[in-house]
Amino acid sequence: MQTTIVLFAVFAATVANSTVFATLGLHGRSVGLSELEVGAIFASSGVLFFLTSSHWGRLSDRIGRGPVMAAGLAATALSLFLFAGLYAAGGTFLALLLARAIYGLLAGSLQPAATACMADTAVERRASAVALIGASVGIASIAGPLFAASVAGLGLAVPVAAGGILTALAAAATLAGVREGPRQPVWARTATPPVEGLAPYLAVGFTMILGFGALQPTTAFYVQDRFALETAAAVRQASLASAGFAAGSFVVQGFVIRLLPLRPQQLLSFGLAVCLLGAGGGLVAPEPEALIAAFGVMGAGYGLAQSGLTASVSILGGEHRQGQVAGRLQAVLSAAWIVGALGGSALYPFAIAAPLLIAAGAMTIAVMLSYAGASPATAQIRR
């Protein structure tokens, strides 16, 4: 039952957040924001995730997973209700930035605590266990954009407000149903030495997410500008591209990974190569349907790579530092997302293909880093 609640919490938060990704760019254009300002709003949460995620991960080791997860869900709900109100009122840059900052301050607690909770309950098969987190994110990332696309005609505030309600329900369920995970022993609370072998995986994760960060805030712009679509059609096609990415990730993490005879580091390297293939396909896509397919390939690669990366890091965390390593990983990925989002948004006005070129280059570098920096310990441990 606890596992079900954890997965529902991740699902709810991802559905809710995806409604912002599907709508903020187009609301920004309607009130005169530049692409860079929209990217800055997105990136602000990444800055705060970077600053706070390690703290939240360590705190979940000490006081338990449930309270830390619930705090992140409550902040997500509050932020979404603010976004919905600002959309209806024509809110501009500073107000939208504040709403996103509320999310960034507390919502960074959810992913490290949820990942650590899954790792606590499945020590022997961590890749498969943490892949369920990714699968939950994947199916939610399908549902969120599709929902946003289906109700776009009712106003951009509608899907965002609905996401806030769903996340509030998840916060209540988490408080009621997620019991505290294993706490750190007393000696581990006062001494937290560096985790040996973690740095190479953080470098790979940073590079990978930098590429995806460049794409996320610019996809709606790219679809609209590349294929000359009106706003409603652009929302639909961009949402379908996001859903294609999520579908690829969900299928891989929910079903395929359990069948693959690959170690975590092998999953990571193979997945990054598939991501590179998808980015190349996006660059040459002649029509929206081909772009959606390319995003699906990238999603499949991401599902493989993310599971391999998270499992490798979890193995290094041992028994008592799951929250710590999950928080460190979340902080680094958040920093990468900031750089990618700002870079993609800043370069987009000069070349609409720039975000996809950044993604392709980042995946190429990440593949090389994954082969060069694998930890011998994780390379020998099966899924």
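The values are calculated or read from the model by the stated rules, or taken from the named source; none is laboratory data. Just so you know, these numbers come straight off a predicted model, no measurement behind them. Backbone-built Cβ (ideal geometry, glycine too); neighbour counts: all protein chains shown. Side chains included, ligands, DNA and RNA excluded: accessible areas come from the protein's heavy atoms. Shrake-Rupley method; radii C 1.70, N 1.55, O 1.52, S 1.80 Å.
Structural remarks
- Enumeration of residues in the stretch 39-72 that are touching a Leu at 6+ places or on another chain (Cβ under 7 Å) and within 15 Å of residue 111 (Cβ to Cβ): 48, 52, 66, 68, 69, 70, 71, 72
- Here residue 92 clears all of (1) among the polar types (S, T, N, Q); (2) under 21 Å from the mean Cα position of the chain (by Cα); (3) surrounded by fewer than 19 Cβ atoms within 10 Å (Cβ to Cβ) except the condition numbered (2).
- Some residue of the stretch 97-105 being closer than 30 Å to residue 259 by Cα, open to solvent by 40 Å² or more (accessible area, probe 1.4 Å), modelled with pLDDT under 90 and part of a helix (DSSP H, G or I): no
- Selection status of residue 141, assigned to a helix (DSSP H, G or I), under 20 Å from the mean Cα position of the chain (by Cα), at pLDDT below 80 and surrounded by fewer than 19 Cβ atoms within 10 Å (Cβ to Cβ): no
- Out of 79, 18, one residue alone is part of a helix (DSSP H, G or I), in contact with a Lys or Arg (Cβ under 8 Å, 6 or more places away or on another chain) and not hydrophobic (A, V, I, L, M, F, W, C). It is 79.
- Those residues of the stretch 279-293 which are within 19 Å of residue 228 (Cβ to Cβ), of a type in the set (A, V, I, L, M, F, W, C) and part of a helix (DSSP H, G or I), in sequence order: 283, 284, 290, 291, 292
- Beta carbons closer than 6 Å, at least 6 apart along the sequence or on distinct chains, pair a first residue in the stretch 229-248 that is over 18 Å from residue 28 (Cβ atoms) with a second that is of a type in the set (S, T, N, Q) and open to solvent by 20 Å² or more (accessible area, probe 1.4 Å) for 246/141.
- Flag for residue 171 being modelled with pLDDT under 80 and open to solvent by less than 30 Å² (accessible area, probe 1.4 Å): no
- Filter result (over 17 Å from residue 281 (Cβ atoms), of a type in the set (Gly, Ala, Ser) and crowded, with 23+ Cβ neighbours inside 10 Å) within the stretch 337-365: 340, 341, 344, 345
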